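As structure tokens, the structure follows; a few thoughts come after it.
The values are calculated or read from the model by the stated rules, or taken from the named source; none is laboratory data. Since we're looking at a predicted model, the values are computed, not measured. Note that we place each Cβ from the backbone using ideal geometry, even for glycine, and neighbour counts take in every protein chain shown. For the accessible areas, the whole protein counts, side chains as well, though only heavy atoms, and no ligand, DNA or RNA atoms are used. Shrake-Rupley method; radii C 1.70, N 1.55, O 1.52, S 1.80 Å.
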Amino acid sequence: MNKPKPIPTDIGEYLQYDSSTDTLKWIKKTGNRGNIQVGDIAGSTETRGYKRVTFRGSIYKAYRVIWFLQYGVQPPDTIDHINGVEQGDTLENLRGATSQQQNRNRRKFSNNTSGFKGVSYRKASGKFRARIMVNNTHIELGCFDTPEEAHLAYCNAAEKLHGDFANFG
């Protein structure tokens, strides 16, 4: 993963975080760009769903700018959206995390066929396998008759092993 660019220290002279709307707003023009007006909402949404803002020709994730503006320090390399929603840039929804912690908070993958995070169907046995990733190692939690039983095993393990970063699906 590439290390994010530091947020320019003077960005607060140009942008302000509006917590009532969870948006960044321009409070000062950045030069001769006539399309930006004071009071305009800054940024756009990229294809993956994250909001981003362009400042002096560089693109920054909006949540990183919000962190900087609110705490007055460079954000950690990895910031986790607690609720897993990319557009959830409220300060209460952001927390510093390691890459591993952020991965624990992921939702189930879009190609998941069982319908439950941590659960896969084993065709040979006709059972549903539950497993969880811890420290880059899969831990087998067992095979179950139903996907719901397997998912319950996953949830119990995630709560114990992933703590505040547990995401059940």
Worksheet item: Does Ile79 fit the bill of being touching a helix residue (DSSP H, G or I) at 6+ places or on another chain (Cβ under 8 Å), open to solvent by less than 30 Å² (accessible area, probe 1.4 Å) and aliphatic (A, V, I, L, M)?
Response: yes
Worksheet item: Val85: within 18 Å of Gly12 (Cβ to Cβ) and not basic (Lys, Arg), yes or no?
Response: no
Item to complete: Could you identify the single residue in Gln87, Gln70 that is at pLDDT below 90 and over 30 Å from Ile139 (Cα atoms)?
Response: Gln87
Fill in: Residues located in segment 7-42, provided they are under 25 Å from Ile79 (Cβ atoms) and open to solvent by 90 Å² or more (accessible area, probe 1.4 Å)
Thr9, Glu13, Gln16, Ser20, Ile41
Practice prompt. Only residues in segment 144-155 that are β-branched (Val, Ile, Thr) count as the first member; pair them with residues that are crowded, with 18+ Cβ neighbours inside 10 Å, Cβ under 8 angstrom, at least 6 apart or cross-chain, and list the lot.
Written response: Thr146/Phe128
Worksheet entry | Subset of segment 115-130 that is free of Cβ contacts under 8 Å to residues at least 12 places away in the same chain and not in a strand (DSSP E or B) - its residue that is farthest from Asn105 (Cα to Cα) | Ala124
Item to complete: Filter segment 93-130 down to residues that are small (Gly, Ala, Ser), open to solvent by less than 80 Å² (accessible area, probe 1.4 Å) and over 15 Å from Glu159 (Cα atoms), then give me how many there are.
Response: 8
Worksheet item: What residue, among those in segment 131-169 that are closer than 24 Å to Asn83 by Cβ and part of a strand (DSSP E or B), is most open to solvent (accessible area, probe 1.4 Å)?
Response: Met133
Worksheet item: If we scan segment 94-111, do we find a residue that is touching a strand residue (DSSP E or B) at 6+ places or on another chain (Cβ under 9 Å) and within 21 Å of Gly43 (Cα to Cα)?
Response: yes
Worksheet item: Is it true that Thr90 is loosely packed, with under 13 Cβ neighbours inside 10 Å, touching a residue at least 40 places away in the same chain (Cβ under 8 Å) and either over 18 Å from the mean Cα position of the chain (by Cα) or within 19 Å of Leu24 (Cα to Cα) (or both)?
Response: no
Fill in: The lone exception for Gln102 - which of (1) in contact (Cβ under 8 Å) with a residue 60 or more places away in the chain; (2) assigned to a loop (DSSP other than H, G, I, E, B) it fails
(2)
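Got at least one residue in segment 105-127 being in contact with an Asp or Glu (Cβ under 8 Å, 6 or more places away or on another chain) and within 17 Å of Phe168 (Cβ to Cβ)?
Checking segment 105-127: at least one residue is in contact with an Asp or Glu (Cβ under 8 Å, 6 or more places away or on another chain) and within 17 Å of Phe168 (Cβ to Cβ).
Pull up segment 22-60, narrow it to residues that are of a type in the set (Ser, Thr, Tyr) and within 20 Å of Thr9 (Cα to Cα), then point me to the one that is modelled with the lowest pLDDT.
Thr30
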Discussion item. Checking the conditions here, which among Thr54, Thr45, Thr9, Thr30 is β-branched (Val, Ile, Thr) and closer than 27 Å to Arg107 by Cα?
Written reply: Thr45
